[in-house]
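Here the structure is laid out as structure tokens; the discussion comes afterwards.
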Amino acid sequence: MLSALLNAMSALCGVRDEVYGPENTALIDILEVALRLATNVKLNAGAIRAPALLILTKLAKKHAELLKETMSGQLDLQYDPHVLGQGGPIAAALVPPMLTISLEDVDANDEDLDEDVEGEGLDEQSSSSAALARAALRALSATLPNHFTVAPVFKLLERTGASPSAPLAWKAFAAITEGAQGAGVTSHLPALIPELTKAIQSQDLRLRAAATEAASMIVVHCQPEVADEYPEQLFPLLVSMLTSSPRSSQWAAHAALATMCENCVGEAIIPCLNDLIVALKAQLVDGNVRTAARATASFGAVSQCALCYFNPYAESVLTLLLARAKSMDSSSGVTELQSRSLAAMATI
């Protein structure tokens with residue numbers, strides 16, 4: 001019965017705004033039912049809660065303008081402790097429960113940390129309640145004024161501290177930073193960068209991976225402030241991300257490196273240039289083709305950033321890239337690596 005209801009609600013998420021009737025009555029009904037199901041930990045996570053969380057994400061993406069309207073008593077969430085009160089945007093009532101759900105996977109194991117994955121869209125493809133809650137938060141933060149999402153996630157980071165929930169809190173922070181495009185985060189950089197540096201050097205692999213994703217979202221979405229004001233702190237942090245972060249978060253490390261290289265030219269990279277080259281060479285000869293392909297592309301970005309300062313390293317790097325380009329292996333992953341090697345050689 002609940003599965004059929006969720007299927008119908010999911011279909012209704014895609015209709016035009018005007019279909020929901022006067023005062024968006026049908027939208028409010030769908031929102032309230034989905035939230036009740038998503039926050040009920042007694043229900044089956046895969047069959048009930050996951051579809052309910054996806055409905056909330058769909059609503060935040062498809063009907064952003066409607067969800068920014070004030071609650072004015074329309075949404076009765078008195079059953080739930082996460083009420084924000086009257087007068088705020090409808091979507092704001094979803095943020096606290098989604099943050100709570102985002103901490104549910106605290107007992108997850110480390111088996112998936114050694115797989116190099118593509119980070120984009122990963123949360124929405126998951127059956128994990130925490131991941132789906134992050135997808136909803138990402139969509140909500142793209143809709144709401146940043147103080148409704150950024151301020152609560154900073155409180156969450158403070159509350160979790162160094163606890164086992166800290167990696168999940170950093171992942172929620174990364175999702176909100178991405179959705180908000182860095183809005184509301186930039187002013188906190190002086191405190192955030194030291195905290196992330198410490199987390200990436202932690203013995204906890206999950207904390208390292210989560211902090212790497214968070215740092216990447218900051219570097220990508222808080223430009224030009226990051227490149228203009230923090231290159232001395234960020235380039236060493238990038239080296240740590242490349243050398244210490246698990247393989248599962250390398251997509252984030254390379255995305256951050258590419259962004260920094262696009263926004264910094266010349267002398268800013270010099271203090272860390274040798275360490276970056278060493279780290280990228282190690283990844284280039286890595287047995288994982290996807291990791292090697294990322295390193296190959298990053299060599300091109302680093303050479304463009306470093307300009308003439310890259311010259312002392314050019315010969316050894318080109319030799320490695322040429323060896324990759326000449327590989328006789330015709331498998332799909334290696335073919336992509338060959339193409340990236342040729343592109344990087346052309347850039348250098």
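Consider R206 carefully, then state whether it is under 22 Å from V153 (Cβ atoms), of a type in the set (K, R) and in contact with an Asp or Glu (Cβ under 7 Å, 6 or more places away or on another chain).
Numbers: under 22 Å from V153 (Cβ atoms): yes; of a type in the set (K, R): yes; in contact with an Asp or Glu (Cβ under 7 Å, 6 or more places away or on another chain): yes.
In short, yes.
Could you please let me know if R340 is in contact (Cβ under 8 Å) with a residue 24 or more places away in the chain, of a type outside the set (A, V, I, L, M, F, W, C) and closer than 25 Å to R206 by Cβ? Here the answer is no, as R340 does not meet what is asked. Screening E225, E229 for residues that are in contact with a helix residue (DSSP H, G or I) (Cβ under 8 Å, 6 or more places away or on another chain) and without any contact (Cβ under 8 Å) to a residue 40 or more places away in the chain leaves exactly one candidate, E225. Cβ-Cβ contacts under 8 Å between residues 6 or more apart (or on different chains), taken from a first residue in the stretch 195-212 that is in contact (Cβ under 8 Å) with a residue 60 or more places away in the chain to a second residue that is part of a helix (DSSP H, G or I) and surrounded by 24 or more Cβ atoms within 10 Å (Cβ to Cβ), are listed as R206/P167; A209/P167; A209/S249. Among the residues examined, N311 qualifies as open to solvent by 50 Å² or more (accessible area, probe 1.4 Å), polar (S, T, N, Q) and more than 24 Å from L196 (Cβ to Cβ). Restricting to the stretch 149-168, and then to whatever is closer than 17 Å to R138 by Cβ and among the aliphatic types (A, V, I, L, M), can you tell me which residue is nearest to the chain's Cα centre (by Cα)? So the residue we want is L168.
For the stretch 184-210, residues that are touching a Ser or Thr at 6+ places or on another chain (Cβ under 6 Å), under 17 Å from V220 (Cα atoms) and part of a helix (DSSP H, G or I) total 1. Between a first residue in the stretch 34-61 that is farther than 16 Å from A11 by Cβ and a second residue that is outside any loop (DSSP other than H, G, I, E, B) and among the hydroxyl-bearing types (S, T, Y), which pairs have beta carbons less than 6 Å apart while being 6 or more apart in sequence or on different chains? The qualifying pairs are A45/S129; R49/S129; A60/T143.
For the stretch 152-183, the set of residues classified as on the phi > 0 side of the Ramachandran plot and open to solvent by 10 Å² or more (accessible area, probe 1.4 Å) consists of G161, Q181, listed by residue number.
The values are calculated or read from the model by the stated rules, or taken from the named source; none is laboratory data. None of these values were measured; they are calculated from a predicted model. Here Cβ is always computed from backbone atoms with ideal geometry, including for glycine, and neighbour counts include all displayed protein chains. Just the protein is used for accessible areas: all its heavy atoms, side chains included, with ligands, DNA and RNA removed. Shrake-Rupley method; radii C 1.70, N 1.55, O 1.52, S 1.80 Å.
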